[in-house]
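Asks: My questions all concern the structure below.
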Amino acid sequence: MDACLHPGQQPQHLEEGPSFRDSRAEGDKQALRTDGPLEDSHEIQQALQSLQKFVPANYASYTQEYYRFAGKKIVIQESIESYGAVVWPAAMALCQYLEEHAEELNFQDAKILEIGAGPGLVSIVASILGAQVTATDLPDVLGNLQFNLLRNTLHRAAHLPEVKELAWGEGLEDNFPKASLSYDYVLASDVVYHHYFLDKLLTTMVYLCQPGTVLLWANKFRFSTDYEFLEKFKQVFDTTLLAEFPESSVKVFKGVLKWD
Ligand SMILES: C[S@@+](CC[C@H](N)C(=O)[O-])C[C@H]1O[C@@H](n2cnc3c(N)ncnc32)[C@H](O)[C@@H]1O
């Protein structure tokens with residue numbers, strides 16, 4: 001994995017183990033320890049220490065942010081220095097949708113791939129709900145993604161999520177051979193914004209879907225280009241608006257690839 005570093009490159013504060021910067025009151029911290037990630041277990045401490053080599057050195061500072069979905073407290077290590085190292089509004093909206101519709105979605109043992117997973121909140125919630133998850137993103141965010149996934153799913157999820165590099169539109173057949181694709185769901189949150197890869201993103205969404213695959217795409221709508229992408233999306237996917245979150249301008253869509 002490209003994000004792998006030599007020990008000497010590791011940021012100092014990560015070597016300090018669980019003593020991350022945390023502004024919460026001590027009472028809150030005690031409450032979180034009761035059903036939060038298993039930070040106190042020797043096993044997870046060892047696993048997290050071995051994962052430190054994956055955490056990219058190009059972020060100078062991190063914070064810990066706390067979420068609650070699917071009945072679990074989730075701790076995400078974030079850095080405002082990268083788009084891919086903070087949780088975006090659509091990720092929270094999609095997680096809310098997933099937990100509220102867990103029964104009908106039936107993620108138990110489902111094969112799921114997330115594109116543009118960032119710091120991993122959606123993949124973590126999908127894993128906690130029972131899915132076999134592959135979380136993908138660009139190389140420089142994979143270390144922090146891997147760290148967050150392991151931290152929140154070890155001893156909690158039936159299937160430990162995998163992390164894999166996936167740059168939209170690049171090397172798809174080499175890295176994700178069509179013959180071996182069989183995803184029940186493809187997940188994507190806030191992957192559409194002002195960037196130059198929108199066509200490659202749509203190509204990737206189409207590529208990853210087989211007959212029977214459901215694409216769940218959540219996005220905050222900000223720019224006219226977001227709506228232009230939606231129109232192109234509708235040309236290739238049978239599209240259903242599943243939910244709207246007016247307070248955050250996030251919409252959640254279901255897309256099933258048109259096969260005619
Ligand atoms: C706005 S962030 C959203 C992160 C996460 N899904 C969330 O909602 O919190 C966009 C994500 O897409 C990833 N990304 C951007 N361009 C990409 C590309 N060309 N190929 C693959 N991933 C890309 C970024 O690294 C980042 O993790």
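Asks: Just one of Phe176, Phe197 is surrounded by 15 or more Cβ atoms within 10 Å (Cβ to Cβ), farther than 20 Å from Tyr97 by Cα, of a type in the set (Phe, Trp, Tyr) and within 11 Å of the ligand (Cβ to nearest atom); which is it?
Replies: Criteria check complete, one pass: Phe197.
Asks: Looking at the stretch 70-87, I want the residues that are closer than 10 Å to Gly120 by Cα and have a partner that is basic (Lys, Arg) and more than 12 Å from the ligand (Cβ to nearest atom) with Cβ atoms under 8 Å, at least 6 apart or on another chain. Which pairs are those?
Replies: Gln77/Arg151
Asks: Additional query: Looking at (1) without any contact (Cβ under 8 Å) to a residue 60 or more places away in the chain; (2) in contact with an Asp or Glu (Cβ under 8 Å, 6 or more places away or on another chain); (3) closer than 22 Å to Tyr193 by Cβ, which is the only condition Cys95 fails?
Replies: (2)
Asks: Among the residues of the stretch 182-194, how many are within 12 Å of the ligand (Cβ to nearest atom) and either of a type in the set (A, V, I, L, M, F, W, C) or within 20 Å of Thr134 (Cα to Cα) (or both)?
Replies: Residues meeting the conditions: 6.
Asks: Something else about it: Is it the case that some residue within the stretch 108-119 is part of a helix (DSSP H, G or I) and in contact (Cβ under 8 Å) with a residue 40 or more places away in the chain? Outline the logic, then answer.
Replies: Start the filter on the stretch 108-119 by keeping residues that are part of a helix (DSSP H, G or I), which leaves none.
Taking every residue of the stretch 108-119 in turn, none turns out to be part of a helix (DSSP H, G or I) and in contact (Cβ under 8 Å) with a residue 40 or more places away in the chain.
Asks: Mind checking which residues of the stretch 141-163 are under 22 Å from Leu208 (Cα atoms) and within 11 Å of the ligand (Cβ to nearest atom)?
Replies: Within the stretch 141-163, Val141, Leu142, Leu145 qualify.
Asks: Out of Tyr62, Tyr66, I need the residue that is of a type in the set (Phe, Trp, Tyr) and over 19 Å from Arg156 (Cα atoms). Which one?
Replies: Tyr62
Values in this text are rule-based calculations from the coordinates and carry no lab data. Just so we're clear, the structure is a prediction, and the values are computed from it rather than from any experiment. Don't worry about glycine lacking a Cβ; one is built from the backbone with ideal geometry, like all the others, and counts go over all protein chains shown.
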